[in-house]
Amino acid sequence: MINTILVGFGFSATTFHLPFLTTLEEFNITGVVSSRPDDVRAVLPDVDVYATLEEAIATDATLFVITTPSNLHKDMVTTCLDANKDVLVEKPAFLTSEEGETLIALEKTRDGIVNVFHNRRMDGDFLTVASLLESNRIGDWKVYESRFDRFRPHVRDRWRENAGPGSGILFDLGSHLIDQALVLFGEPDHVSADVMVQRDGGQSDDGFNVTLHYGEKRVYLRSNPFVAVEAPRFEVHGTAGSFMKYGLDPQEAALRDGTIEAGVSETGTLVVNEPQTIEIEPGRYLAFYRQLADSYSTRRPVVPLEDALLTTRVIELARQSSRTQTTLSFE
C-alpha cells in the first residue's frame, strides 16, 4: 500500500484524484496539505491536515500528489525529490524548458520518481483515434484536428484566468491537446500558432490555434471560449477516409457527479467508402491510476518528466510564433 499525501484540496484534487485514491486498495491517504482544514475534514475526517508541504514531507508518506496552482509545481516537486519522495504532479509539471531540464537532472540523482498527470491519454475518444491510426483504417493520415472548446464568454476571478505565471488556457487545456498529439505523432518539424486574449477584461490567454507541422501533414489544436454550439472534438482525415467525433469524454462529468465509471456509451463517424457509426472505446482513468500505482513498484514512470518537457517546448514555441507571426523549427 502506498502512503499518500494530497497536496492541495481544490477542484482538481477532489474531482480527478480523490475518487481513485479512496477507491483503489493500492493507495492509503495519510494526509492533506491545505490552507482550508475544515474543507478537508468535512470529506476526510480521519486524515491529518498540514499547513505546509514541509510539514508533510517529515512523515512516512512516500507519494505526494501535487494539485496546487501551476507556478508552484516546480518548487514542490524539487522539495519532494530532495526528500527522496515519489511524486504525481498535475500538468504543467513546470513552466519553462529550463525548469524541466533542472528537474530531470535532479530526479536522476534522487531515489524518488515523478509522474505527470496526463490523464487524458485515457480519454475514450483519444484511445479510439489512436486505435484507428494504428490499424491504418483511414489510410495514411494527413490532417488531425483536436478541439477543446467551451462557452465561457466572461472572465472569472481564479488563478487560471488571472495574470501570472502558469495561467492561461494554453497551459491548461493546451497541455492536454499537445501531449495527446505528441503521443500519436512524436516531435513535429515546425510549430506555428495564434494565442489569443479575446474576452473583455481578459488577463491571460483564453484561446489558441496551434499547428504542428509533420512534413506535408498537419495537426491543428484549438480552443476558444465563445463556442456555444457543439463542434467536433476530433477530426482525422487520411488517404482511405475520415473519422469525426463530437462531445467531450464523459469521465470528467461522471467524476463531478460522484462516480468513477462514466456508464455512458459514445459513438463517432467513420467514413471509408461509406459512413458508418462506430462505438467509442470506454475511457480508462481508473486503469491509468492503476498503472501509476504499478510505476511506483517498477520505478518506471508512466508519464515521465521528459514527456512534459516536449509539451512545454511546444508551448514556448507556440507563444513565440504567435508574437512574431512566424513558423518556427522544433528543436
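Would you tally the net charge around M196, using a Cβ to Cβ cut-off of less than 9 Å, leaving M196 out, and scoring K and R as +1, D and E as -1?
Local charge sum for M196: -3.
Which of the peptides 224-230, 178-184, 114-120 is most tightly packed, and how do the rest follow, judged by the mean count of other Cβ atoms within 10 Å per residue?
114-120, 178-184, 224-230
Run the dipole for segment 2-118 about the Cα centre, Lys and Arg Cβ at +1, Asp and Glu Cβ at -1, nothing else charged, and hand back the magnitude in debye, nearest 20.
220
Which lysines does K85 reach when only Cα atoms under 24 Å apart count, and residues fewer than 8 places away in its own chain are ignored?
Excluding near neighbours in sequence, the set is K74, K108.
Which distance in nm do the two modelled labels at N3 and A130 give, with both placed 7 Å along the Cα-to-Cβ direction?
According to this spin-label approximation, the distance is 3.4 nm.
Mind checking the angle between helix 305-324 and the chain's longest principal axis? C-alpha axes, 0 to 90 degrees, to the nearest 10.
With rounding to tens, the tilt is 60 degrees.
Out of segment 265-331, which trypsin sites (Lys or Arg not before Pro) are coil in DSSP terms and have no more than 16 other C-beta atoms within 10 Å?
Those satisfying the criteria are R299.
What's the center-to-center distance, using Cα atoms, between segment 65-82 and segment 132-167 in Å?
Value for the Cα centre distance between the two parts: 24 Å.
Semi-axes, largest first, in whole Å: what does sqrt of 5 times each Cα gyration tensor eigenvalue give for segment 153-253?
After scaling each eigenvalue by five and taking roots: 26, 17, 12 Å.
Any idea what angle helix 73-82 forms with the longest principal axis of the chain, computed on alpha-carbon atoms, 0 to 90 degrees, nearest 10?
The angle comes out near 50 degrees.
Once you wrap a convex hull around the alpha carbon atoms of segment 205-266, what is its projected area averaged over all directions, in nm²?
That works out to 6.6 nm².
Give the Kirkwood hydrodynamic radius (Å, one decimal) of the chain, defined as one over the mean of 1/r across all pairs of different Cα atoms.
Here the Kirkwood hydrodynamic radius works out to 20.8 Å.
About its Cα centre, what dipole magnitude does the chain give when the only charges are +1 on Lys and Arg Cβ and -1 on Asp and Glu Cβ, stated in debye to the nearest 20?
500
Mind giving me the FRET efficiency for R290 and S329? R0 is 41 Å, r the Cβ-Cβ distance, nearest 0.05 is fine.
0.60
What FRET efficiency do you get for A83 and D38 if R0 is 30 Å and r is their Cβ-Cβ distance, rounded to the nearest 0.05?
So the FRET efficiency works out to roughly 0.60.
Students often get this wrong: which residues of segment 179-195 have the backbone nitrogen under 13 Å from the point 7 angstrom along Cα-to-C-beta of E101?
Zone members listed by number: none at all.
Ranked highest first by average number of other Cβ atoms within 10 Å, how do 60-66, 239-245, 169-175 line up?
Most protected by this proxy first, the peptides run 169-175, 60-66, 239-245.
Points 7 angstrom from Cα along the Cβ direction at T23 and V272: gap in nanometres?
Going from the T23 label point to the V272 one covers 3.2 nm.
For labels at S297 and E55 in the simple 7 Å Cα→Cβ model, what's the distance in nm?
For the pair S297/E55, the computed spacing is 3.4 nm.
Helix 285-298 versus the longest principal axis of the chain: what is the Cα-based angle in degrees, 0 to 90, to the nearest 10?
It works out to around 60 degrees.
Run the numbers on the chain and let me know its relative contact order in percent, using alpha-carbon pairs under 8 Å that are six or more apart.
For the chain, the relative contact order is 19 percent.
May I ask you to list the lysines whose Cα is less than 20 Å away from that of K142, ignoring any residue fewer than eight positions away on the same chain?
Those lysines meeting the cut-off are K217, K245.
What number does segment 1-124 give for Rg over Rh if you use C-alpha atoms and the Kirkwood radius?
0.95
Give the shape of segment 184-326 as rounded, prolate or oblate, defined through the alpha-carbon gyration tensor: a ≥ b ≥ c are the square roots of its eigenvalues, a/c under 1.5 means rounded, and otherwise the shape is prolate if a/b is larger than b/c and oblate if not.
rounded
The numbers here are math on the coordinates, done by the rules we state, and not lab data. Bear in mind the structure is a predicted one, so any value in this text is a computation, not a measurement. All Cβ positions, glycine included, derive from the backbone under ideal geometry; neighbour counts span all protein chains shown.
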